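A.B. asks: Here you go, one structure.
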Amino acid sequence: MQNEWKSLAVVFPGQGAQRPGMGQDFAQSDAESMRLFDEASAALDVDLKQICFTEDERLNLTEFTQPAILTMEIVVYRYLQKQYQLTASFFAGHSLGEYSALVAAEVIPFVDAVKIVRKRGALMQQAVPEGKGSMAAVILESVASPEFSEIVTGSGADIANYNSGSQIVISGSKEGVEKASQALEAQYPGIKIVPLNVSAPFHSRLMKEIEAEFRDYLQGFSRSFQFERAEMVASNFTGSFHEPQRLLDNLVDQISGSVRWIENMELMRTHANEILELGPNRVLTKFFATIGVEVPTVFTLRSAEKLFPKS
């Protein structure tokens, strides 16, 4: 199948995709995959295999969720590189997944990225006391309109994710999200609003206070970055490909800014002949389906073998 993919984009889901047991089948069958889990564990002084492979409550704590997902996603990507000579030309990731994309594109070294996203997750959790923030998915045809945005921001909440033309996620204080939800329900009959089980209001103005500290931490790793390779990676914050000189700014701004995933999907569709999702679960494929693009997902060893059958 590799020969059929002349121009491949690889995309990675973010937080919320985690599941107990993720990556265990790759690690048990492949020494290189096991080594990556061990490298990440040593870098964090935390047993990521315990967190990922068992029913460990830390898997849903943001500080650990983020490095766990990133590690699993890079394990899958590198396994496909080695076993099937997979070569991608373009990369994108949803929120946390953008860091997996940057590692896969060889912009950020793997071990550095594991440390960076742990810090990112810890800061995000510390920004707002648990129970004070909230997020909700909003489902409605043609949801991404200027009027819709005005209602959300006017209520004191923010648009966290533009996931598709019919789904966005709002984020902010518990009161702001509740007020926005009530205003949206009054304005749009038939709207569906689903509260999300999250520990912090990601991609909202409440995250701004951690940006300076995160920038300082990120800057400390930047000497090892291959900035020029960022041009093949989509930015959640701008919606377009990263400009190397703006990479650090984009990653900092992404924390409180909206994830412009609709634009990222269109970017991948425009530049790639095929798109492949790699992660713990099928997450992004349903968003791509809304723009008429079929995206297969590799989330287990079995799914990899099914997609890349031996000749």
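Every number here is computed from the coordinates shown, using simple stated rules; none is lab data. Please read all numbers here as calculations on a predicted model, not as lab measurements. Every residue, glycine among them, receives a Cβ derived from its backbone with ideal geometry; neighbour counts consider all protein chains shown.
A.B. asks: Can you give the relative contact order of the chain as a percent, counting alpha carbon pairs under 8 Å and 6+ residues apart?
C.D. replies: Relative contact order here is 23 percent.
A.B. asks: Could you tell me what fraction of 2.2 N^0.38 Å the Cα radius of gyration of the chain comes to, as a two-decimal ratio?
C.D. replies: Ratio of Cα Rg to 2.2 N^0.38 Å: 0.96.
A.B. asks: Rounded to two decimal places and with Rh computed the Kirkwood way over Cα pairs, what is Rg over Rh for the stretch 231-306?
C.D. replies: Over the Cα atoms of the stretch 231-306, Rg/Rh equals 1.02.
A.B. asks: Further question: Taking only the alpha-carbon positions of the stretch 133-198 and ignoring solvent, what does the Debye formula give for the base-10 log of I(q)/I(0) at q = 0.13, 0.21, 0.24 Å⁻¹?
C.D. replies: The Cα Debye sum returns log10 ratios of -0.26, -0.72, -0.97.
A.B. asks: Moving on. According to the Cα gyration tensor, what semi-axes, each the square root of 5 times an eigenvalue, does the equivalent ellipsoid of the stretch 219-275 have, listed from largest to smallest in whole Å?
C.D. replies: Working from the Cα gyration tensor, I get semi-axes of 21, 15, 7 Å.
A.B. asks: Next question. Can you give the local net charge around ALA234? Use residues other than it whose beta-carbon is closer than 15 angstrom to its beta-carbon, Lys and Arg +1, Asp and Glu -1.
C.D. replies: So the environment of ALA234 carries a net charge of -3.
A.B. asks: Helix-only mean residue ellipticity at 222 nm, the chain, DSSP H runs n ≥ 4 weighted -39,500 (n - 2.57), per residue, nearest 500. What is it?
C.D. replies: -13500 deg cm²/dmol
A.B. asks: Using Cα centres only, tell me the gap between the stretch 99-130 and the stretch 173-218 in whole Å.
C.D. replies: 20 Å
A.B. asks: Kindly work out what percent of the DSSP beta bridges joining two residues of the chain are antiparallel, to the nearest 5.
C.D. replies: Among the beta bridges of the chain, antiparallel pairing accounts for roughly 60 percent.
A.B. asks: Starting from the Cα gyration tensor of the stretch 10-49, take the square roots of the eigenvalues, sort them a ≥ b ≥ c, and report rounded, prolate or oblate (rounded when a/c is under 1.5, otherwise prolate if a/b is larger than b/c, else oblate).
C.D. replies: oblate
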